[in-house]
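**Q** My questions all concern the structure below.
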Amino acid sequence: MKTIRGGKYFVTGGSGFIGGALVRRLVAEGATVRVLDNYLRGTPRQLESVADRVEMVRGDVRDLATVVAASKGCDSFLHLAYLNGTEYFYTKPELVLEIAVKGTMNAIDAAIQNGIKDFVFASSSEVYQTPPQIPTPETVPLIVPDVLNPRFSYGGGKIIGELMCINYGRRHFDRMTIFRPHNVYGPDMGGEHVLPQFILRAKAAVAATPAGPVPFTIQGEGNETRSFIYIDDFTDGLMLVIAQGGHQEIYHIGTQDEISMRDLAAQVVQFYGRQPEFKHLPLQAGGTPRRCPDVTKLKALGFAPRVPLAEGMKRTFEWYTSHSDLYTAPRTL
């Protein structure tokens with residue numbers, strides 16, 4: 001088991017939603033932390049509470065010299081930097097792949113050059129896209145169903161990352177561990193994911209419809225399901241992986257708290273004390289009908305999520321309704 005206290009951690013993408021939560025937890029457990037981020041998707045707001053205890057380096061993982069210089073002197077390399085947000089998979093696929101491939105190659109090269117023997121890589125549930133079994137274990141095949149669909153830039157980039165990490169890990173690292181987040185949510189997760197989008201859209205729809213059912217648009221019939229994990233529970237799971245994860249091992253981090261998109265939207269509108277009237281749009285090509293991870297391996301390390309979906313959604317709803325001013329204009333890259 002790795003001791004967190006006193007460790008020197010280098011975190012790429014540490015000002016993002018997941019990265020920020022990880023950095024705050026590492027600091028709370030007594031680690032020394034250096035963060036590399038260019039704020040393309042992250043924000044300094046994520047690290048305000050630990051700003052005086054974190055060394056922040058502003059830079060881009062696509063530049064090798066920057067990554068080498070920034071990670072020097074650390075003993076663990078946690079590579080989280082990526083371009084997340086479903087809308088970017090469709091609109092910025094070349095940027096997604098550039099950050100995926102160059103960023104991960106640079107991270108590995110920098111760790112090797114600096115003699116960092118402990119490497120943890122953030123992958124994604126998107127690597128297996130439409131799984132052959134539910135709940136889905138770590139051993140299912142990884143696929144890109146359609147190279148012509150820009151959505152798969154994200155999953156494809158993560159597959160490349162896993163291949164690089166596993167194969168470079170054989171020779172260059174004492175421990176190379178991969179984790180796959182599954183629909184992590186919570187306050188201040190950005191505006192490009194399904195739950196904050198539903199909350200903000202519902203707020204506008206309620207304001208525009210003072211009485212009666214609230215018009216709300218969803219893709220298809222809304223039967224697609226996801227299993228959400230609250231950010232605090234996710235971070236608990238990730239800390240277990242960092243402390244106990246095995247060499248050349250992969251861990252799913254998530255829950256089996258599964259819900260359909262239709263029910264998710266209905267619950268969001270009901271938070272406003274109203275009922276939805278659904279309007280249906282065609283499904284975007286490449287979506288996954290159902291996602292629910294098998295977390296048996298993580299449970300063997302002691303994982304036990306504590307925040308049920310209803311409570312986590314309530315916390316997230318309250319944060320976004322009181323901070324909606326942060327999302328008055330679309331974010332551009």
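**Q** How do Asp174, Asp37, Asp236, Asp60 line up, fewest other C-beta atoms within 10 Å first?
**A** Going from least to most buried by this count: Asp174, Asp60, Asp236, Asp37.
**Q** Take the cross-link list Lys8/Lys72; Lys203/Lys314; Lys117/Lys297; Lys117/Lys158 and give me the ones stretching past 18 Å between alpha-carbons.
**A** Lys117/Lys297; Lys117/Lys158
**Q** Please report, largest first and rounded to whole Å, the three semi-axes of the ellipsoid equivalent to the range 1-54, where each semi-axis is the square root of five times an eigenvalue of the C-alpha gyration tensor.
**A** 19, 11, 9
**Q** Which of the peptides 140-151, 179-190, 212-223, 253-264 is most tightly packed, and how do the rest follow, judged by the mean count of other Cβ atoms within 10 Å per residue?
**A** Ranked from most to least packed, the peptides come out as 179-190, 253-264, 212-223, 140-151.
**Q** Over all Cα pairs of the range 118-269, how is the pair count split among 10 Å bins, expressed in % and running from 0 up to the last occupied bin?
**A** Whole-percent P(r) values from 0 Å outward: 10, 32, 33, 16, 7, 2, 0.
**Q** Going by how many other Cβ atoms sit within 10 Å of their own, how do Thr316, Thr3 line up, fewest first?
**A** Thr3, Thr316
**Q** Taking neighbour Cβ counts within 10 Å as the exposure measure, how do Tyr39, Tyr320 sort from fewest upward?
**A** Taking fewest neighbouring Cβ atoms as first place, the list is Tyr39, Tyr320.
**Q** State, to one decimal in nm², a quarter of the convex hull surface area for the C-alpha atoms of the range 1-133, i.e. the direction-averaged projected area.
**A** 9.1
**Q** Can you give the convex hull volume of the alpha carbon atoms of the range 22-77 per residue, in Å³?
**A** 84
**Q** Nearest 10 degrees, 0 to 90: what angle lies between the long axis of helix 93-113 and the longest principal axis of the chain (Cα atoms)?
**A** With rounding to tens, the tilt is 30 degrees.
**Q** Okay, next question. For the range 167-207, what are Rg and Dmax over the alpha carbons, in angstrom?
**A** 18.6, 59
**Q** In the range 196-333, what is the volume of the convex hull around the alpha carbon atoms, normalised per residue and reported in Å³?
**A** Output value, Cα hull per residue: 150 Å³.
**Q** If you don't mind, another one. Is there a quick way to get the dipole size of the range 237-287? I mean about its Cα centre, with the Cβ of Lys and Arg at +1 and of Asp and Glu at -1; what is the value in debye to the nearest 20?
**A** So the dipole magnitude of the range 237-287 works out to roughly 240 debye.
**Q** Can I ask one more? Among residues other than Arg306 whose Cβ falls under 14 Å from its Cβ, what is the net charge (Lys/Arg +1, Asp/Glu -1)?
**A** -3
**Q** May I pose another question? Along each of the three principal axes of the Cα atoms of the range 199-248, give the extent in whole Å, ordering the values from largest to smallest.
**A** 56, 23, 12
**Q** Something else about it: Please list log₁₀ I(q)/I(0) at q = 0.12, 0.13, 0.17 Å⁻¹ for the range 68-200, using the Debye equation with identical point scatterers on the alpha-carbon positions.
**A** -0.51, -0.60, -0.97
**Q** Assign one of three labels to the range 254-324, namely rounded, prolate or oblate, based on the Cα gyration tensor with a ≥ b ≥ c the square roots of its eigenvalues; rounded applies when a/c is under 1.5, prolate when it is not and a/b is larger than b/c, and oblate otherwise.
**A** Cα axes put the range 254-324 in the oblate bin.
**Q** Next up: Give the lysines whose C-alpha is closer than 23 Å to that of Lys299, dropping any in the same chain fewer than 8 places away, or say none.
**A** Counting by Cα, and skipping residues close in sequence, Lys299 has these lysines nearby: Lys2.
**Q** Once a ≥ b ≥ c are taken as the square roots of the eigenvalues of the Cα gyration tensor of the range 65-133, is the result rounded (a/c under 1.5), prolate (a/b larger than b/c) or oblate (a/b not larger than b/c)?
**A** It is oblate, given that a/c is not under 1.5 and a/b is not larger than b/c.
**Q** Let me ask something additional. Of the beta bridges DSSP finds with both residues in the chain, what % are antiparallel, to the nearest 5?
**A** Of those bridges, close to 10 percent are antiparallel.
**Q** Run the dipole for the chain about the Cα centre, Lys and Arg Cβ at +1, Asp and Glu Cβ at -1, nothing else charged, and hand back the magnitude in debye, nearest 20.
**A** Using only the charged Cβ atoms, the result is roughly 280 debye.
**Q** What net charge is computed for the residues neighbouring Thr217, neighbours being all others with C-beta under 11 Å from the C-beta of Thr217, Lys and Arg scored +1, Asp and Glu -1?
**A** It works out to a net charge of +1.
**Q** State the label only: which of (i) 51; (ii) 33; (iii) 38 corresponds to percent of Cα pairs over 30 Å apart computed from the shown model?
**A** Matching the structure shown: (ii).
Every number in this text was worked out from the coordinates using simple rules, so none of it is lab data. This one's a predicted model, so the numbers in the text were calculated from it and none came from an experiment. With ideal geometry, Cβ positions are generated from the backbone for all residues, glycine too; neighbour counts draw on all protein chains shown.
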